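Please read the structure below before turning to the comments.
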Amino acid sequence: MESIFVNSKDVFLDVVNAKDYIQLDRVSTIYQSLKDSIKKPLKMILLYGKPGTGKSMFLNKLYKDISTSNEIFLYNTPILDESEFYKTLAQDVFGTKYSGELNFTQFMKIVESKEKQSVPVVLLDEAQLYSEALMEKIRLLSDTRTIKFVITLHKTEKEDLIAKEHFQTRIWESIELENASSGELKIYIQKKLMKANCFDTANMFNAKSVNLIHKITDGNYRDTNKLLYTLFELYALYESNHQLSSIKTDQISHKLIEMSAIHVGLIDA
Amino acid sequence: MLNIRELEQRWLRYKIKSYTPYIIIGISILVILSLSVILLSKQESNSSASNIKKVPVKTLKEQEPIKKIKSKKKQETSQKSKVSQTTIKTNQKEKHTHTIVNESKQQAMRKVQLSPSLDFMRKMQDSVQPYYRNDREPDMKENQQKQKRYPQQSSIPTKEQIIKPQVTDNTAGGIDIQRKNTQNDIYEIIQRFEKNNNPVLSLFVAKKYYELGEYREAYDYALKTNNIDKNIEESWIIFAKSLVKLGRRDKAISTLRTYVNYSHSGNARNLLEEIKSGKFK
Ligand SMILES: Nc1ncnc2c1ncn2[C@@H]1O[C@H](COP(=O)(O)OP(=O)(O)OP(=O)(O)O)[C@@H](O)[C@H]1O
Ligand SMILES: [Mg+2]
């Protein structure tokens, strides 16, 4: 039989996959308002937050949900070359293959020549990587209301951008994703485990242990994933060494939480 | 690759490091305590034997043993003063200190002075983990069962009902889990079960309902589980227990008997005995 700890460990691999999305109260409110704003004729939606707060996850989920009803395109990794960026959009969104260089003016011509029933939505993850010049073109593009952009940014970059006043006025809506509260973190952990049918390990988390985890990770999803991955790796190791009797298994051992935190560098020791 | 040994050592060092301030505080309190004991005994030896009760030790819990020791100290100090009667009063301070130190080395420390320090250690742990106090009250209705439910903790600010930690007394075999869950979670699991008919899910639901005292639902889902897979021991046990709870003891016994006959399950047999003897009701 496969060890439950090994299964539980794999639950916390740091991968972004919309099918693993966990509905959390706060996030789902944001999610609903975002889905609503996509239908409204707005220009640009900015999703920002610290690393590991679930922006990519959110974007992927949005893509998955909306792709059945809307025309929507997701770019997980930024296309940094300007010409390449236009060419990709021209092909994906407007069905126009273009060989050779494509500049902004030429691209705008393509955009204007195509009559669209509804406004296509383009999701750009990691937009902090785009050059300022390209960002400005993206802004101009969304001003024409021919494409709706939803972009994600690391928090600090957003602050930088906001400082530039042209962005301040153009960005119609900005949404911040934050770290989880302790209660949310508990739901996150348990739902994630239950989704993989790891009920027994899900039940090992009580308010106490989640509080300790929250103290260590500050509710950051990525850090929590890292911590719990190591935690279950440790459990699996103790199990295969037949040392499980020396640690707590009726609830998550605080010692093992701290050992994991030391291992992944969340605690200095 | 993880190296458990090394990690455990690093953890130990971390723990020691994080407790160091408290240990220092502990030691200084100990020092203060023993200093005050010294002072007290000095006062005593200066006053007459009948004054013992006036000594201000109200703050200490262990008044009795301390008194005993005080009288011991008294004896010893008086012995000493007999030996060195010639000493002048100005030297007395030193001498008493000396006396007490010897004395504590011998016995007093071991006997009494350690107990306040243990108290202190406990406090220290409390203060290290301020979140961890939760007020649990056992649910008396279910004290027959191995698993006990506890009322909700209200400290967590989420919409969803959160989740009652439960304590399992059963330490036999495998993992013992603190059970807790919410109606919402159950509904979610039910929806998933309806999609894929996975007996793991229905068993989970049955167990949860049983823990919540909703025996009709527990019965239903255990039955569903058994229909999908008739070899899940836990499900038969929940099924039989729910039957008993629903007042169908006879049916529970006959069902379990059938199951035991073909599965030879020890747990089911134990439960059968408990139901028959009326231990489980
Ligand atoms: N709602 C959620 N449901 C399930 N998993 C989530 C959720 N939110 C975050 N996660 C998990 O947290 C991890 C980090 O999230 P994500 O990669 O989306 O963060 P990010 O905000 O995009 O970070 P960065 O700024 O570094 O790109 C993901 O691997 C994912 O497993
Ligand atoms: Mg990301």
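The values are calculated or read from the model by the stated rules, or taken from the named source; none is laboratory data. Just so it is clear, the model here is predicted, and its values are computed rather than measured. We place every Cβ from the backbone using ideal geometry, glycine too, and count neighbours over all the protein chains shown.
Among the numbered criteria (1) within 16 Å of ligand 2 (Cβ to nearest atom); (2) modelled with pLDDT of 90 or more; (3) within 14 Å of chain B (Cβ to nearest Cβ), which single criterion is violated by A:K61?
With respect to (1) within 16 Å of ligand 2 (Cβ to nearest atom); (2) modelled with pLDDT of 90 or more; (3) within 14 Å of chain B (Cβ to nearest Cβ), A:K61 is out only on (3).
Within segment A:64-96, take every residue that is of a type in the set (S, T, Y), buried (at least 16 other Cβ atoms within 10 Å of the Cβ) and away from ligand 2 (no atom under 16 Å from the Cβ) and give me the one that is nearest to the other protein chains (Cβ to nearest Cβ). Full working, then the answer.
Within segment A:64-96, the subset of a type in the set (S, T, Y) is A:67-69, A:75, A:77, A:83, A:86, A:88, A:96.
Next cut, buried (at least 16 other Cβ atoms within 10 Å of the Cβ) only: A:75, A:83, A:86, A:88, A:96.
Filter once more, so that each one left must be away from ligand 2 (no atom under 16 Å from the Cβ): A:83, A:86, A:88, A:96.
On the way: A:S83: 45, A:Y86: 43, A:T88: 37, A:T96: 42 Å.
Taking the candidates together, the pick is A:T88.
In segment B:208-229, how many are outside any helix (DSSP H, G or I) and closer than 13 Å to B:N197 by Cβ? Even if it seems obvious, please write down each step before you answer.
Going through segment B:208-229, the residues outside any helix (DSSP H, G or I) turn out to be B:213-214, B:229.
Retained after the next criterion (residues that are closer than 13 Å to B:N197 by Cβ): B:229.
Number of matching residues: 1.
So A:G54 clears everything in (1) surrounded by fewer than 17 Cβ atoms within 10 Å (Cβ to Cβ); (2) of a type outside the set (A, V, I, L, M); (3) not assigned by TED's automatic domain parsing to the domain that holds A:T249 except one condition, right? Which one?
Answer for A:G54: the failing condition is (1).
Looking at (1) at the interface with chain B (Cβ under 7 Å from one of its Cβ atoms); (2) within 19 Å of B:M1 (Cα to Cα), which is the one condition that is false for A:L228?
(1)
Could you tell me whether A:E101 is assigned to a loop (DSSP other than H, G, I, E, B) and of a type in the set (D, E)?
Details: assigned to a loop (DSSP other than H, G, I, E, B): yes; of a type in the set (D, E): yes.
Yes; evaluated as a whole, the condition is true for this residue.
Could you count how many residues in segment A:13-33 are more than 13 Å from ligand 1 (Cβ to nearest atom) and not hydroxyl-bearing (S, T, Y)? Steps first, please.
Within segment A:13-33, the first condition is being more than 13 Å from ligand 1 (Cβ to nearest atom), and the residues that meet it are A:32-33.
Still in the running and not hydroxyl-bearing (S, T, Y): A:32.
Residues in segment A:13-33 being more than 13 Å from ligand 1 (Cβ to nearest atom) and not hydroxyl-bearing (S, T, Y): 1 in total.
Conditions (1) within 28 Å of A:N225 (Cα to Cα); (2) at pLDDT 90 or above, marked per residue:
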| position | (1), (2) |
| --- | --- |
| A:D10 | yes, yes |
| A:I38 | no, no |
| A:M44 | no, no |
| A:G52 | yes, yes |
| A:I66 | yes, no |
| A:S83 | no, yes |
| A:L89 | no, yes |
| A:V93 | no, yes |
| A:S99 | no, no |
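Just one of (1) farther than 23 Å from A:L193 by Cα; (2) within 9 Å of ligand 1 (Cβ to nearest atom); (3) among the basic types (K, R) trips up A:K55, so point out which.
Every condition holds for A:K55 apart from (1).
Would you mind stating whether A:A207 is without any contact (Cβ under 8 Å) to a residue 60 or more places away in the chain and either under 22 Å from A:V264 (Cβ atoms) or in the same structural domain as A:L59 (by TED's automatic domain parsing) (or both)? Steps first, answer last, please.
Working: without any contact (Cβ under 8 Å) to a residue 60 or more places away in the chain: yes; either under 22 Å from A:V264 (Cβ atoms) or in the same structural domain as A:L59 (by TED's automatic domain parsing) (or both): no.
Criteria not met by A:A207.
Checking A:M44 against (1) within 16 Å of ligand 1 (Cβ to nearest atom); (2) buried (at least 19 other Cβ atoms within 10 Å of the Cβ): exactly one of these is not met. Which one?
Result: A:M44 passes all but (1).
Mind telling me which of the residues A:F5, A:F104, A:F12 ends up being under 23 Å from the mean Cα position of the chain (by Cα) and either surrounded by 15 or more Cβ atoms within 10 Å (Cβ to Cβ) or within 16 Å of ligand 2 (Cβ to nearest atom) (or both)? Reasoning before the result, please.
Details: A:F5 fails: under 23 Å from the mean Cα position of the chain (by Cα); A:F104 fails: under 23 Å from the mean Cα position of the chain (by Cα).
Of A:F5, A:F104, A:F12, the one residue that is under 23 Å from the mean Cα position of the chain (by Cα) and either surrounded by 15 or more Cβ atoms within 10 Å (Cβ to Cβ) or within 16 Å of ligand 2 (Cβ to nearest atom) (or both) is A:F12.
How do the pairs read when you match residues in segment B:197-221 that are buried (at least 22 other Cβ atoms within 10 Å of the Cβ) with residues anywhere that are β-branched (V, I, T) and not in a helix (DSSP H, G or I), using Cβ under 7 Å and keeping only pairs 6 or more apart or on different chains?
Close Cβ pairs satisfying both conditions: B:L203/B:I232.
Please indicate, with yes or no, whether at least one residue in segment A:169-183 is in a helix (DSSP H, G or I), surrounded by fewer than 21 Cβ atoms within 10 Å (Cβ to Cβ) and away from chain B (no Cβ under 12 Å).
Keep residues of segment A:169-183 that are in a helix (DSSP H, G or I), which gives A:169-170, A:182-183.
Restricting the remaining residues to those that are surrounded by fewer than 21 Cβ atoms within 10 Å (Cβ to Cβ) gives A:169-170, A:182.
Right, trim to away from chain B (no Cβ under 12 Å) and you get A:169-170.
Looking for residues that are in a helix (DSSP H, G or I), surrounded by fewer than 21 Cβ atoms within 10 Å (Cβ to Cβ) and away from chain B (no Cβ under 12 Å), one finds at least one in segment A:169-183, hence yes.
Given the options A:L256, A:L193, A:L212, A:L244, name the one that is out of contact with any strand residue (DSSP E or B) (no Cβ under 9 Å at 6 or more places or on another chain) and more than 10 Å from chain B (Cβ to nearest Cβ). Before you say what the answer is, go through the steps one by one.
Values: A:L256 fails: more than 10 Å from chain B (Cβ to nearest Cβ); A:L212 fails: more than 10 Å from chain B (Cβ to nearest Cβ); A:L244 fails: more than 10 Å from chain B (Cβ to nearest Cβ).
Matching residue, one of A:L256, A:L193, A:L212, A:L244: A:L193.
Results for (1) free of Cβ contacts under 8 Å to residues at least 24 places away in the same chain; (2) on the phi > 0 side of the Ramachandran plot; (3) assigned to a strand (DSSP E or B), shown as yes or no for each residue.
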{"position": "A:N7", "(1), (2), (3)": "no, no, no"}
{"position": "A:V16", "(1), (2), (3)": "no, no, no"}
{"position": "A:S28", "(1), (2), (3)": "yes, no, no"}
{"position": "A:D36", "(1), (2), (3)": "yes, no, no"}
{"position": "A:L47", "(1), (2), (3)": "no, no, yes"}
{"position": "A:T53", "(1), (2), (3)": "no, no, no"}
{"position": "A:K61", "(1), (2), (3)": "no, no, no"}
{"position": "A:T68", "(1), (2), (3)": "yes, no, no"}
{"position": "A:F85", "(1), (2), (3)": "no, no, no"}
